[in-house]
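This report refers to the structure that appears directly beneath it.
The values are calculated or read from the model by the stated rules, or taken from the named source; none is laboratory data. In this text, all values refer to a predicted model and were calculated from it rather than measured experimentally. Neighbour counts are summed over all protein chains in view; Cβ atoms, including those assigned to glycine, are modelled from backbone coordinates with ideal geometry.
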2 protein chains.
Amino acid sequence: MNFLEERIVKDGVVKEGNVLKVDSFLNHQMDIKLLDQMGAEFKRRFADKPINKILTIEASGIGIACIAAQHFDVPVVFAKKSQSINLDGEMYVAEVESFTHKCINHVIVAQKFLGPEDHVLIIDDFLANGCALQGLIQIVQSAGATVEGIGIAIEKGFQSGGRIIRNLGYQLESLAIVDGMDAETGRIDFRPQGEDVGGSEAENSGEKNECK
Amino acid sequence: MNFLEERIVKDGVVKEGNVLKVDSFLNHQMDIKLLDQMGAEFKRRFADKPINKILTIEASGIGIACIAAQHFDVPVVFAKKSQSINLDGEMYVAEVESFTHKCINHVIVAQKFLGPEDHVLIIDDFLANGCALQGLIQIVQSAGATVEGIGIAIEKGFQSGGRIIRNLGYQLESLAIVDGMDAETGRIDFRPQGEDVGGSEAENSGEKNECK
């Protein structure tokens, strides 16, 4: 297990309904030293990419992105989430239909902060069905910028988001991929890192994009 | 002028209605090196306080708080904002009536992340009427924890929040205090730092708490 997987086993809590609570160190209370280790690991995994900007989404991606940005020496832009749009200036807006919440959200970035010259690393805390992430990718593309990679803290490997994003050809690096959880025993199964992430039985399960 | 005031003059934009846009470096795109300078300055101003936790509020306080936390070597907790409450576990909830938006917001922190043993530095990007800040103070008090200080990037000195908080006896340190702005000329008047912040004419203007 790597440092993040170890921390998830130590302090994460598995709840009914495939919910993994990591609010004691990642997305309510934040262990800044852990975030710094994560930033160093993202830098190692994207060392060869000409990244000049990190893009994340409010709220829980912001801390991870800001600490990681110190390892890349680049600014951070965070996208805003809104159910209504109240535009001030020119904005990129991606409409994201949430399968889980049965509603439409807007992911918004001011146009002046993303352009064709930008080589973007997208960072977020969780990846499940990938709806918000697909909105961020759409925004980078609208700006004519380049997605150099995607760094995620925890991927729920049993949901379809990761596979869809990898199938689109993006370098997606999740520091921990949870393939299964058991709320009764608290067991968490991690996908071995460094192995081929495709070819699992899930790939043939007929899962489709859960965002639309 | 200090480093933040200089940056505000260089890249801030004054809009009609006393709006100061700093979204190119502080609360949409974030200059991480600037945030690091701010963190060092907060550490200098609160050097004698036994701070063991930083509390902020989503979303734009999070980046500033996380980078500052490296200077204090403490974890960050960010409060969640919600118009509805959907409690999972035991939460501290402060009800904040927004004078500006004519609505009630809830500021929420899980009880397990704040307790009587905590000595808290509250950090946020803006202070105007201080409603959200008063909610955070209320939550720290509910937890039996101690507010050791409050660090703000930009205070609108012509609104009442700063004076109310200082009158309550808290050590409030705002890195830049804007006493006036002119959208037509772009002029920004900063309150001189290090001078007595009380005793201004505003104190006698009969302004009251705009939150309730």
Report task. Among the residues of segment B:164-192, count how many are free of Cβ contacts under 8 Å to residues at least 12 places away in the same chain and either touching a Leu at 6+ places or on another chain (Cβ under 9 Å) or of a type in the set (Lys, Arg) (or both). Result -> 0
Report summary line: Selection over segment A:1-22 where residues are within 12 Å of chain B (Cβ to nearest Cβ) and of a type outside the set (D, E, K, R) yields a count of 3
Requested in this report: Please tell me if A:Phe99 is at pLDDT below 95 and among the aromatic types (Phe, Trp, Tyr).
Outcome: yes
Report task. Among residues belonging to segment A:59-77 that are without any contact (Cβ under 8 Å) to a residue 24 or more places away in the chain and facing chain B (nearest Cβ under 7 Å), point out the one that is farthest from A:Ala47 (Cα to Cα). Result -> A:Ala59
**Report entry** Residue match in segment A:117-131 (condition: in a helix (DSSP H, G or I) and in contact with a His (Cβ under 7 Å, 6 or more places away or on another chain))
**Finding:** no
**Report entry** Whichever residue in segment A:153-210 is modelled with pLDDT under 95 and in a helix (DSSP H, G or I) and, among such residues, is farthest from A:Gln141 (Cα to Cα)
**Finding:** A:Glu201
Query raised in the report: What number of residues within segment B:23-58 are more than 17 Å from A:Ile67 (Cβ to Cβ), more than 12 Å from chain A (Cβ to nearest Cβ) and aliphatic (A, V, I, L, M)?
Result: 2
Requested in this report: Could you tell me which residue of segment A:78-95 is nearest to A:Leu133 (Cα to Cα), considering only residues that are of a type in the set (A, V, I, L, M, F, W, C) and modelled with pLDDT under 85?
Outcome: A:Ile85
Query raised in the report: For segment A:148-168, which residues satisfy the criterion of being closer than 22 Å to A:Val93 by Cα, surrounded by fewer than 23 Cβ atoms within 10 Å (Cβ to Cβ) and not small (Gly, Ala, Ser)?
Result: A:Glu148, A:Ile164, A:Leu168
Requested in this report: Can you work out which of the residues in segment B:106-131 that are closer than 25 Å to A:Val22 by Cβ and among the small types (Gly, Ala, Ser) is surrounded by the fewest Cβ atoms within 10 Å (Cβ to Cβ)?
Outcome: B:Gly115
Query - Condition met for A:Ile137 (more than 23 Å from A:Lys43 (Cβ to Cβ) and touching a strand residue (DSSP E or B) at 6+ places or on another chain (Cβ under 7 Å)) - result: no
Report task. Could you check, for segment B:33-52, whether at least one of its residues is touching a Phe, Trp or Tyr at 6+ places or on another chain (Cβ under 9 Å), at pLDDT 95 or above and over 30 Å from B:Gln111 (Cα atoms)? Result -> yes
Requested in this report: Can you confirm whether segment A:105-122 contains a residue that is touching a residue at least 60 places away in the same chain (Cβ under 8 Å), closer than 29 Å to A:Asp31 by Cα and of a type in the set (D, E, K, R)?
Outcome: no
Query raised in the report: What number goes with the only condition from (1) in contact with a strand residue (DSSP E or B) (Cβ under 9 Å, 6 or more places away or on another chain); (2) modelled with pLDDT of 90 or more that B:Gln70 does not pass?
Result: (1)
